[in-house]
Amino acid sequence: MASPEFPSLERSLEEHLPPDELRNVRRILLGGEPRKLSLPAEALAAASELDFELAAFGFEAAEEQLRPARLVRVGLVQNRLPLPPCAPVAEQVGALHRRIEEMVAVAAQCGVNVVCFQEAWTMPFAFCTREKLPWTEFAESAEDGPTTRLCQRLARAHGLVVVSPILERDEAHGDVLWNTAVVVSSSGAVLGKSRKNHVPRVGDFNEATYYMEGTLGHPVFQTPFGRIAVNICYGRHHPLNWLLYSLNGAEIIFNPSATVGALSEALWPIEARNAAIANHCFTCAINRVGVERFPREFTSGDGKPAHRDFGYFYGSSYVSAPDGRRTPGLSRTRDGLLVAELDLNLCRQTGDIWNFKMTGRLGMYAEELTAAAQPDYRPHIVKE
Ligand SMILES: NC(=O)NCCC(=O)O
């Protein structure tokens, strides 16, 4: 279906700016001219055949004498729902599994080592409806549900790490639901899981109806390709959430998201990029694409007429580097795979220049935060 949406900031700049001006615009907007990676012809052909955008960029670091470059390729996948939310649950899940399987095969052809999908990728983002059935039927075990088993097969077949954000049903603990990212190692073993720490209560994002704030803290996963963490969607608005993953040693933080234009597009290019800068790490922001129309109307509790969709999920997935550079965003309208080659040596190199870890006053903040979290806290305001 053709979309009336604006397709891409990057494409618009390329089409309308003379080359010299474009270079300057990219220098200011992206932190430099992005280094394009060349990709195998069969991957480009497959992406075109399967109708998704395929883009690839590299972030180099300075050469060091004692450490070889630590190159890792990440793959960010954004996609529309192949079937509408009114289709039977099993058919929707099956169609999403097939779509992701074909996109991951192309990621593997591009040499991707760690692939991450969008938030709650196996389902429509139905939390706006506040209805339980059929949406809670999409929830599955993080340890051995059908989606985790698929990711294990993909990990083994292609030798890559898979970050799979799902709606988790924790059968061992009262059957409760969580918003969870499962991390599957390239060996096929489930390395662990990370849960969404901050649950939105904004606009139609009625997620608190379904699950609570995560209880697992800020785990970082040691993979053969570097230390990774997952800060799920709304967690990107919380600078301390990023900080805690970084304090636990994350070199790459994925931010699988589901967010719509009217609400957050002004924030989107800033938050993950700022987190990469502030924490001397790489960040990978991933968003859904398109409109998801639900079978029944719901209201937003704002006196406006009931409606059947959230608004427009604007894609625009991107990667940011610790030195402030970023890739262009993927399309706002199409499925896409963004491949980025990261030299993880850039994390320490940038830290040595800017020293945010060294100059950070964790002890001072810890004391003041502890005080501020007390019910009898009085803000430190100096008055005449
Ligand atoms: N999925 C989710 O947490 N969305 C909340 C809206 C936003 O953070 O932009």
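The values are calculated or read from the model by the stated rules, or taken from the named source; none is laboratory data. Given the structure is predicted, the values throughout are model-derived calculations rather than measurements. Note that each Cβ is placed from the backbone with ideal geometry, even for glycine, and that neighbours are counted across all protein chains shown.
Annotations for the structure displayed:
Residue-wise test of (1) part of a helix (DSSP H, G or I); (2) closer than 30 Å to residue 258 by Cβ.
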| residue | (1), (2) |
| --- | --- |
| 7 | no, yes |
| 13 | yes, yes |
| 64 | no, no |
| 80 | no, yes |
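- Region 267-292: number of residues that are farther than 29 Å from residue 71 by Cβ and more than 13 Å from the ligand (Cβ to nearest atom): 2
- In the set 180, 147, only one residue is buried (at least 16 other Cβ atoms within 10 Å of the Cβ) and either modelled with pLDDT under 95 or more than 16 Å from the ligand (Cβ to nearest atom) (or both); that residue is 147.
- Among the residues of region 19-44, those identified as in contact (Cβ under 8 Å) with a residue 24 or more places away in the chain, more than 17 Å from residue 9 (Cα to Cα) and part of a loop (DSSP other than H, G, I, E, B) are 37, 39, 40.
- Taking the criterion of being among the charged types (D, E, K, R) and buried (at least 24 other Cβ atoms within 10 Å of the Cβ), the only residue of region 213-250 that qualifies is 236.
- Single unsatisfied condition, residue 289 versus (1) surrounded by 20 or more Cβ atoms within 10 Å (Cβ to Cβ); (2) in contact with a helix residue (DSSP H, G or I) (Cβ under 6 Å, 6 or more places away or on another chain); (3) closer than 30 Å to residue 87 by Cβ: (2)
- Some residue of region 354-366 being part of a loop (DSSP other than H, G, I, E, B) and closer than 13 Å to residue 59 by Cα: no
- Any hit, region 256-266, residues being free of Cβ contacts under 8 Å to residues at least 60 places away in the same chain, more than 16 Å from the ligand (Cβ to nearest atom) and either more than 30 Å from residue 206 (Cβ to Cβ) or of a type outside the set (Lys, Arg) (or both): no
- Residue among 105, 139 that is surrounded by 23 or more Cβ atoms within 10 Å (Cβ to Cβ), closer than 17 Å to residue 164 by Cα and more than 19 Å from the chain's Cα centre (by Cα): 139
- Counting residues in region 225-242 that are outside any strand (DSSP E or B), charged (D, E, K, R) and closer than 30 Å to residue 345 by Cβ gives one or more.
- Whenever a residue of region 275-300 is over 16 Å from residue 264 (Cβ atoms), its partners that are among the β-branched types (Val, Ile, Thr) and assigned to a helix (DSSP H, G or I), lying with C-beta atoms within less than 8 angstrom and at least six residues away or across chains, give the pairs 280/350; 294/129; 296/129; 298/129.
- Flag for residue 47 being closer than 19 Å to residue 288 by Cβ, assigned to a loop (DSSP other than H, G, I, E, B) and small (Gly, Ala, Ser): no
- Filtered residues of region 264-301 (kept if under 21 Å from residue 79 (Cα atoms) and modelled with pLDDT under 95): none
- Failed item, numbered, when residue 246 is tested on (1) more than 16 Å from the ligand (Cβ to nearest atom); (2) more than 15 Å from residue 194 (Cβ to Cβ); (3) assigned to a helix (DSSP H, G or I): (2)
- Inclusion of residue 109 among residues that are within 16 Å of the ligand (Cβ to nearest atom), at pLDDT 95 or above and either among the polar types (S, T, N, Q) or out of contact with any Pro (no Cβ under 8 Å at 6 or more places or on another chain) (or both) is not warranted.
- Test: residue in region 214-226 that is within 10 Å of the ligand (Cβ to nearest atom) and farther than 30 Å from residue 68 by Cα: no
- Filter result for the condition that a residue is within 12 Å of the ligand (Cβ to nearest atom) and closer than 27 Å to residue 150 by Cβ, over 206, 197: 197
- Unique residue being outside any loop (DSSP other than H, G, I, E, B) and not polar (S, T, N, Q) when the list is 87, 142, 108, 120: 108
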